[in-house]
Amino acid sequence: MFKQIASILMCAAIIGCAKGNMQQAETINIAGSTAFQPFAEKLAEEFMSAHPDVRVNVQGGGSAVGIQSVQSGVVQIGMADLVTLPKEAEGLNSIVAAKDAIVIAVHPDNKIDNLSLQQIQDVFSGKVNSWEQLGGEKGEKGEKKTIAVVSREEGSGTRNSFHDLVLKGVQLSPHALIQNSTGAVKMMIQTDPSAIGYITHGVVTPDVKAVAIDGIAPSLKNIKAGKYNVVRPIFLLTKGELQGKAKEFIDFILSPQGQKTIADNGLLPVK
């Protein structure tokens, strides 16, 4: 499932950032999940504010990169947003730092606000390719309005979780438009009225519309109550037991302050 990702470029970027800051501060390097990346950046800012002698470098790249980078020792902490960790993560210590819902999102102008699980599988497999087939509107001139399916790349934890929780063995359409980050998927959806994709609940804003699944809206209330169950854990991965500031940073993420930051930004705390 996890192919070799071009992590050399990611590693080089991380090392470059670290070297540039080593003379001034102790450096903690983190890489992986782009879905969790913006939240990790917020947590890093708070931690650095209280620890001016520490520099926390947060990089994305996807869950596969997070696993590979921590296995190779390039980073101290890897981030992975997966339902279950793959065999590539064997031997790593794993900590669940938060939980996150995956949301089906469309353009705000799209009249569709609810889809069944079967309809979602049909859309993302390419079996259904027009909004009219789902009860949506036709194009401006009455023509069929083609659906633009947007997906994450292979190696993405969000993509693998989406396959496990939603597609459930159904193959993704070969015509899907592939993007390499949660932010890029969201950008395509908010700029293309024909687009549909999946993003983390924590980045949903009014410029995209979250679609209910089988009548259950992905509201924070429904997610917390377990009614909306397209939810996966966010893992922090380490190679062996961390010491010093890196351990302090993970302890901070799991602290009441860190968990409050996670909750305030749309994810589910675990403590």
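Would you mind calculating the gained length between Ala176 and Met48 on full extension (0.36 nm times residue separation, minus the Cα-Cα distance), in nm to one decimal? Let's see the in-between values first.
Details: separation 128, 0.36 × 128 = 46.08 nm, distance 3.96 nm.
Here the segment from Ala176 to Met48 would lengthen by 42.1 nm.
Please build a GNM for the chain, connecting alpha carbons under 10 Å apart, and tell me which residue among Gly157, Gly169, Gly60 fluctuates the most.
The residue that fluctuates most here is Gly169.
Suppose each label sits 7 Å from its Cα in the direction of the beta carbon; what would the Glu137-Ser72 distance come out to in nanometres?
About 4.8 nm separates the two model spin labels.
Which one of Thr191, Thr238, Thr34 has the biggest mean-square fluctuation once the chain is modelled by GNM with Cα springs under 10 Å?
Taking springs between Cα atoms under 10 Å, the residue moving most is Thr191.
Mind pulling the angle between the C-alpha long axis of helix 244-254 and the longest principal axis of the chain? Nearest 10 degrees, somewhere in 0 to 90.
40 degrees
Among Leu254, Leu82, Leu117, which one shows the highest mean-square fluctuation when the chain is modelled as a Gaussian network with alpha-carbon springs under 10 Å?
Per the Cα network of the chain with a 10 Å cutoff, Leu117 tops the list.
Give the relative contact order (percent, whole number) for the range 148-271; include only Cα pairs under 8 Å separated by 6+ residues.
Working: 106 pairs, mean separation 25.7, N = 124.
That works out to 21 percent.
From the P(r) of the range 101-225, can you give the percent of Cα pairs sitting at distances over 25 Å?
Of the Cα pairs, 15 percent sit more than 25 Å apart.
Taking neighbour counts of Cβ atoms within 10 Å as a proxy for exposure, in what order, fewest first, do His175, His201, His51 appear?
Working: His175 11, His201 23, His51 17.
In order of increasing Cβ crowding within 10 Å: His175, His51, His201.
Relative contact order (percent) for the chain, with alpha-carbon contacts under 8 angstrom and 6 or more residues of separation? It would help to have the intermediate numbers written out before the result.
Values: 537 pairs, mean separation 73.3, N = 271.
It rounds to 27 percent for the chain.
By its C-alpha gyration tensor, with a ≥ b ≥ c as the square roots of the eigenvalues, how is the chain shaped: rounded for a/c under 1.5, else prolate for a/b larger than b/c, else oblate? Could you put the intermediate results ahead of the total?
Working: a/c = 2.12, a/b = 1.86, b/c = 1.14.
Note, shape of the chain comes out prolate.
Quickly estimate the mean residue ellipticity at 222 nm for the chain, helices only: each DSSP H run with n ≥ 4 gives -39500 (n - 2.57), and the total goes over all residues, rounded to 500. If you can, show how the numbers build up before the last one.
Working: 9 runs with 91 residues, N = 271.
Calculated at 222 nm, the ellipticity per residue is -10000 deg cm²/dmol.
Given a Förster radius of 25 Å and the C-beta distance between Ala25 and Lys247 as r, what FRET efficiency does 1/(1 + (r/R0)^6) yield to the nearest 0.05? Display every interim value, and only then the final one.
Details: r = 17 Å, r/R0 = 0.66.
For Ala25 and Lys247, the calculated efficiency is 0.90.
Along Cα→Cβ, 7 Å out, is where each label goes; now give me the distance between the ones at Lys144 and Asn93 in nm to one decimal.
About 5.6 nm, to one decimal.
Taking a point 7 angstrom from the Cα of Ser130 along the C-beta vector, which residues in the range 179-196 have backbone N less than 17 Å away?
Within reach of a label on Ser130, which here means backbone N under 17 Å from a point 7 Å along Cα→Cβ, the range 179-196 contributes 194-195.
Laboratory data are not the source of any read-out in this text; all were calculated from the coordinates shown. Owing to the predicted nature of the structure, the values given are computational and were not obtained by experimental measurement. All Cβ positions, glycine included, derive from the backbone under ideal geometry; neighbour counts span all protein chains shown.
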